[in-house]
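Just so it is clear, none of the values below were taken in a lab; they were calculated from the coordinates. These numbers were taken from a predicted model, which means no experiment stands behind them. As a convention, Cβ positions derive from the backbone with ideal geometry for all residues, glycine included, and neighbour counts pool all protein chains shown.
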Amino acid sequence: MDYSHTFIAIRKRTLPGLFDLSLLVYRDHAWNILMLLAINAVPWLIFDLMILFLSDLGIADYSQWHWKLLLLTVLQAQYGTMMITAYLGKAMFEGKPSVAQTVSDFFRASWYGMWLHGCWRMVFPVTLLIAIGDEVSTGLAIFLFMFGMCFRIVRPFVSEIMLLEKTPIRKHQEGEMNFHRRSHDLHRGEVVAGFVPGSLIAVAMTMMLAGLLFHIDKTIGLLGALDFPIQYFYWPVSAWLVASYLAVFRFMFYINTRIIQEGWEVALKVRAEGQKMEASLL
């Protein structure tokens with residue numbers, strides 16, 4: 001790992017600058033990001049469609065599909081983009097790692113994410129309640145969805161801490177940093193400030209992409225050509241694509257937060273000089 005070469009300049013940036021930088025990084029790594037999104041998110045989308053088919057909505061009743069698919073997509077988004085986070089962490093110092101390498105490294109990483117995202121952020125309970133499908137379960141699902149989103153607001157970087165820093169869950173020796181202490185130290189200051197503008201941009205981009213898909217559908221006439229109403233895919237597909245961009249933005253925001261709180265750019269320069277000295281002695 002070469003600390004002297006990164007795919008972005010390590011310096012403090014403003015919030016608008018992070019959104020702009022995220023677009024540039026997404027453009028440069030678009031193919032790998034989209035491949036990892038497909039591997040990580042398509043199983044979620046298929047599973048969501050299956051539980052809606054099997055719920056009491058029935059195969060022919062699609063009246064509630066739009067908002068339920070969107071709710072599930074928003075809730076599952078950070079879980080479904082963890083591979084992108086792992087990829088960006090390696091790409092920071094190693095250029096463009098392969099998709100296969102990223103997937104392999106991801107599955108060797110800590111399985112603690114199943115607890116953090118699946119339980120604390122209510123992905124599993126809400127998905128189960130939506131699958132049940134009655135009014136009481138749906139109301140409880142909406143309440144738990146809001147609780148999970150609140151947890152995501154105040155702890156946005158748990159995937160980065162787990163996958164990139166590889167902070168242990170428990171202390172193995174006295175004085176060692178564990179996951180909860182690291183999360184508490186990192187999630188302070190103005191980390192919540194990126195959530196509101198990020199959410200507004202996500203809503204605008206989702207509406208724009210979905211509108212584009214509906215326009216293409218109307219132009220080529222898919223509505224009359226297929227028996228299945230393919231239009232119900234447009235909103236969740238658009239939301240997943242936007243989630244992949246937000247994963248890039250969250251990674252950039254995480255790097256910026258470490259620069260502000262820890263002087264990370266100085267630490268990287270020190271490590272790079274240490275590597276040079278070590279190489280000169282060999």
Problem - Cα→Cβ-extended label distance, 7 Å offset, between F233 and V192, nm - result: 4.0
Exercise for the section: Compare the peptides 121-127, 180-186 by average per-residue count of other Cβ atoms within 10 angstrom and give them in order, highest first. Expected result: 121-127, 180-186
Practice task
Figure the gain on full extension for L128 and M205 (residue separation times 0.36 nm, minus the Cα-Cα span) and round it to one decimal in nm.
Solution key: 24.9 nm
Practice task
Evaluate the Kirkwood expression for the hydrodynamic radius of the range 8-105, namely the inverse of the mean inverse distance over all pairs of different C-alpha atoms, and round to one decimal in Å.
Solution key: 15.7
Completion exercise
Rounded to 0.05, the calculated FRET efficiency for the beta carbons of I220 and K96 at R₀ = 35 Å is 0.55
Handout entry: Charge context of R121, other residues only, Cβ under 12 angstrom, K/R +1, D/E -1
Key = +2
Problem - Extension reserve of the F47-E176 stretch, reckoned as 0.36 nm per residue once the Cα distance is removed - result: 42.5 nm
